[in-house]
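Trainee: Questions regarding the structure given below will be posed in turn.
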Amino acid sequence: MLLVSAGIGITPMAAMLDQLARTQPTRRINLAHADRSQPGFMNGDALRLPPDTTAYLCGPFPFMHGIRAGLIRRGLGAEHIHYEVFGPGMLDWD
């Protein structure tokens, strides 16, 4: 399992990680988080991607768009990528 978040998106990821740790303590989970204070830019091409990965993304739309595109380029099927928009501009529908 791969959990990827940016900014305030860490909040729901922390809750997911807590639940997984309590209910599936031996499950292998990779967690990646980005925020503005970290140098560089995280992208889907740089994330660890073990076989049979299911990815969960949470953060601003532009961030998740880039991560998702990188994961798909690396062969992870779109059906294995789940996401929730959480951040600035999430209600900008126009």
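The values are calculated or read from the model by the stated rules, or taken from the named source; none is laboratory data. The shown structure was predicted, so the numbers you read here are calculated from the model rather than taken from an experiment. We work out accessible area using only protein heavy atoms, side chains counted, and drop any ligands, DNA or RNA first. Shrake-Rupley method; radii C 1.70, N 1.55, O 1.52, S 1.80 Å.
Trainee: Using the Karplus equation 6.51 cos²θ - 1.76 cosθ + 1.60 (θ = phi - 60°), what ³J(HN,Hα) coupling, rounded to whole Hz, does each residue of the range 71-79 give in order, writing x for Gly and Pro?
Mentor: Using θ = phi - 60°, the values come out as 5, 5, 4, 7, x, 7, x, 4, 5 Hz.
Trainee: When the distances between all Cα atoms of the chain are binned every 10 Å from zero, what whole-number percent does each bin get?
Mentor: Calculated over all Cα pairs of the chain, the distribution is 16, 49, 30, 4, 0 percent.
Trainee: Can you give me the long-range amide H partners of Asp35? Hydrogens built in the peptide plane at 1.01 Å from N, cutoff under 5 Å, separation of 5 or more residues or another chain.
Mentor: Gly7
Trainee: How much of Asp18 can a 1.4 Å solvent probe reach, expressed as accessible area in Å² and rounded to 10?
Mentor: Looks like 80 Å² after rounding.
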